[in-house]
Amino acid sequence: MIKHKITEQTGFTLPEIMVSLAIFVMVILLTGSIFSLSQKSYKKSSDLAELTQNNRIYLDRLSRELRQSVNIITHLPPSDDNPADPPADQIIFQDGHDSSQITYIRYYLDGTNLMREHKAYFFDTDPNTYVYYDSLDLGGSPPDEINLDGNARVIGEYFDQIKFWGSNGLINTYLKLTKNTNTFEIETSAYGRN
């Protein structure tokens with residue numbers, strides 16, 4: 001009789017393969033989750049940095065121009081909590097940077113863009129002489145308006161809301177900026193020249 005030698009075959013059993021596969025899938029899912037979380041965190045911090053930068057540029061510019069302004073034209077309520085006299089959503093003031101000419105600056109929202117206009121008023125009889133916005137000619141007609149920059153310029157993006165209020169030369173500003181799901185709000189104050 002011939003005896004066959006039985007040799008043990010080595011390999012993985014089905015339960016070992018299933019456990020290995022489950023561990024591999026868990027490692028892949030965990031790695032994917034960590035990557036996704038880090039991407040979301042990066043996107044959020046990037047969006048907030050951009051909103052902060054837009055806010056800083058605008059506030060630096062507005063504060064400087066308000067401190068130089070000769071006269072605030074926009075009616076500003078004394079507080080922001082009176083529904084009968086709500087805060088203004090734009091501001092117009094006489095530019096005090098160049099005292100040789102009478103010009104005005106206007107900040108307002110156009111959609112989510114913060115816009116800035118530099119304008120002047122004149123009469124047809126003398127278009128080279130700028131006059132006050134509320135001037136009247138001999139016939140009682142108001143002056144014509146011209147935008148000195150050609151068009152309004154975009155100063156910042158992602159602005160949702162802007163409010164102005166104040167009294168006694170103190171102008172308060174509230175800003176709300178939003179990009180994707182990130183929101184940045186700030187309230188600040190600046191004194192006008194007078």
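Points worth noting:
- Reported count of residues in region 179-194, each being in contact (Cβ under 8 Å) with a residue 12 or more places away in the chain, touching a strand residue (DSSP E or B) at 6+ places or on another chain (Cβ under 6 Å) and surrounded by fewer than 17 Cβ atoms within 10 Å (Cβ to Cβ), is 5.
- Candidates H75, H97 - the one that is over 21 Å from the mean Cα position of the chain (by Cα), in a loop (DSSP other than H, G, I, E, B) and surrounded by 13 or more Cβ atoms within 10 Å (Cβ to Cβ): H97
- The set of residues in region 100-134 being hydroxyl-bearing (S, T, Y), over 27 Å from I57 (Cα atoms) and in a strand (DSSP E or B) consists of Y121, T129, Y130.
- Total residues in region 135-154 satisfying the condition of being touching a residue at least 40 places away in the same chain (Cβ under 8 Å) and assigned to a loop (DSSP other than H, G, I, E, B): the figure is 2.
- Scope region 165-187; condition under 15 Å from the mean Cα position of the chain (by Cα) and within 15 Å of L76 (Cα to Cα); matching residues: T173, Y174
- Filtering S20, S33, S45 for residues that are modelled with pLDDT under 90, in a helix (DSSP H, G or I), out of contact with any helix residue (DSSP H, G or I) (no Cβ under 7 Å at 6 or more places or on another chain) and not basic (K, R) leaves a single hit, S45.
- Looking across region 148-178, the residues that are closer than 20 Å to K44 by Cα, buried (at least 16 other Cβ atoms within 10 Å of the Cβ), modelled with pLDDT of 90 or more and not hydrophobic (A, V, I, L, M, F, W, C) come down to Y158, K176, T178.
- Residue check for Q39: without any contact (Cβ under 8 Å) to a residue 60 or more places away in the chain, exposed (fewer than 15 other Cβ atoms within 10 Å of the Cβ) and within 30 Å of L109 (Cβ to Cβ): no
The values are calculated or read from the model by the stated rules, or taken from the named source; none is laboratory data. All of these numbers come straight from a predicted model, not from anything done at the bench. Ideal geometry is used to build each Cβ from the backbone, glycine not excepted, and the neighbour counts take in all protein chains shown.
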